[in-house]
């Protein structure tokens, strides 16, 4: 279980998060949504350990991890997929997926992860994770590495960015399969209604604070009526 207690964060004298309290139970599929600039990505980076909160505490299974860095949190079972994936010159896709899994993988096993995210494995398995790959390709490869890690908590920041419509449908299937097979918690930062519709719990963040939280059946019917800038999320589906 992940617990955030009274988390606040500011940058350049601007308050981005204000007294955020959030509990993510084991095995839950949680989608955090809200307007751009509301603090969603900042919150994701604080959970991952990339940013440190100005005040407040973070607990993982009852242990205070507030001052832990990204490596310590990764070792404790928190995976994070960036909104803009990192490129690794000299590292192949096979290397990256094997490293993520923490064990020796057969080529067939690594290729299976790539196939699940809509990539033709034979075209990618030996390629370098560098500038020759598009943003959408990198995004799918990064999702494949998170799948391979099978961690306690998998965190995705707008995984739909750069994903074409056909692949987006596959992406929904991937998240549903992850939730079923890994039995860990999945937290996704997203505006996409179809991702919201497969969540156990929806969290609406606006103006740096939690505006609403609850099961999708309770939150979604009124979500687009809330004056948080979310109305545009439905558009462009």
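The values are calculated or read from the model by the stated rules, or taken from the named source; none is laboratory data. From a predicted model like this one, the values you see are computed outputs, not experimental measurements. Cβ coordinates were reconstructed from backbone atoms using ideal geometry, including for glycine residues, and neighbour counts include every protein chain displayed.
Considering segment 57-72, the residues that are in contact (Cβ under 8 Å) with a residue 40 or more places away in the chain and in contact with a helix residue (DSSP H, G or I) (Cβ under 9 Å, 6 or more places away or on another chain) include one that is surrounded by the most Cβ atoms within 10 Å (Cβ to Cβ), namely 58.
Determine whether segment 94-109 contains at least one residue that is touching a residue at least 12 places away in the same chain (Cβ under 8 Å), in a strand (DSSP E or B), touching a helix residue (DSSP H, G or I) at 6+ places or on another chain (Cβ under 8 Å) and surrounded by 13 or more Cβ atoms within 10 Å (Cβ to Cβ). Looking through segment 94-109, none of the residues is touching a residue at least 12 places away in the same chain (Cβ under 8 Å), in a strand (DSSP E or B), touching a helix residue (DSSP H, G or I) at 6+ places or on another chain (Cβ under 8 Å) and surrounded by 13 or more Cβ atoms within 10 Å (Cβ to Cβ). Only one of the listed residues (170, 75) is under 18 Å from the mean Cα position of the chain (by Cα), on the phi < 0 side of the Ramachandran plot and exposed (fewer than 14 other Cβ atoms within 10 Å of the Cβ). That residue is 75. In this structure, residue 67 does not satisfy being in a strand (DSSP E or B) and farther than 19 Å from residue 156 by Cβ.
Of all residues in segment 24-44, exactly one satisfies the criterion of being without any contact (Cβ under 8 Å) to a residue 60 or more places away in the chain and within 16 Å of the chain's Cα centre (by Cα), namely 42. Evaluation of residue 112 against the conditions (1) over 18 Å from the mean Cα position of the chain (by Cα); (2) in a strand (DSSP E or B); (3) on the phi < 0 side of the Ramachandran plot shows that the sole unmet condition is (2).
For residue 218, the stated conditions do not hold, so it cannot be described as out of contact with any strand residue (DSSP E or B) (no Cβ under 7 Å at 6 or more places or on another chain), closer than 24 Å to residue 150 by Cα, without any contact (Cβ under 8 Å) to a residue 12 or more places away in the chain and not in a strand (DSSP E or B). Scanning segment 7-39 for residues that are within 22 Å of residue 63 (Cβ to Cβ) and surrounded by fewer than 13 Cβ atoms within 10 Å (Cβ to Cβ) yields 25, 26. Collect the residues in segment 197-235 that are surrounded by 19 or more Cβ atoms within 10 Å (Cβ to Cβ), under 19 Å from residue 161 (Cα atoms) and modelled with pLDDT of 85 or more, keeping them in residue-number order. Within segment 197-235, 199 is the sole residue that qualifies. Would you mention how many residues in segment 134-151 are surrounded by 19 or more Cβ atoms within 10 Å (Cβ to Cβ) and part of a loop (DSSP other than H, G, I, E, B)? Within segment 134-151, residues that are surrounded by 19 or more Cβ atoms within 10 Å (Cβ to Cβ) and part of a loop (DSSP other than H, G, I, E, B) number 1. Scanning segment 115-126 for residues being surrounded by fewer than 15 Cβ atoms within 10 Å (Cβ to Cβ) and over 18 Å from residue 168 (Cβ atoms) gives a total of 3.
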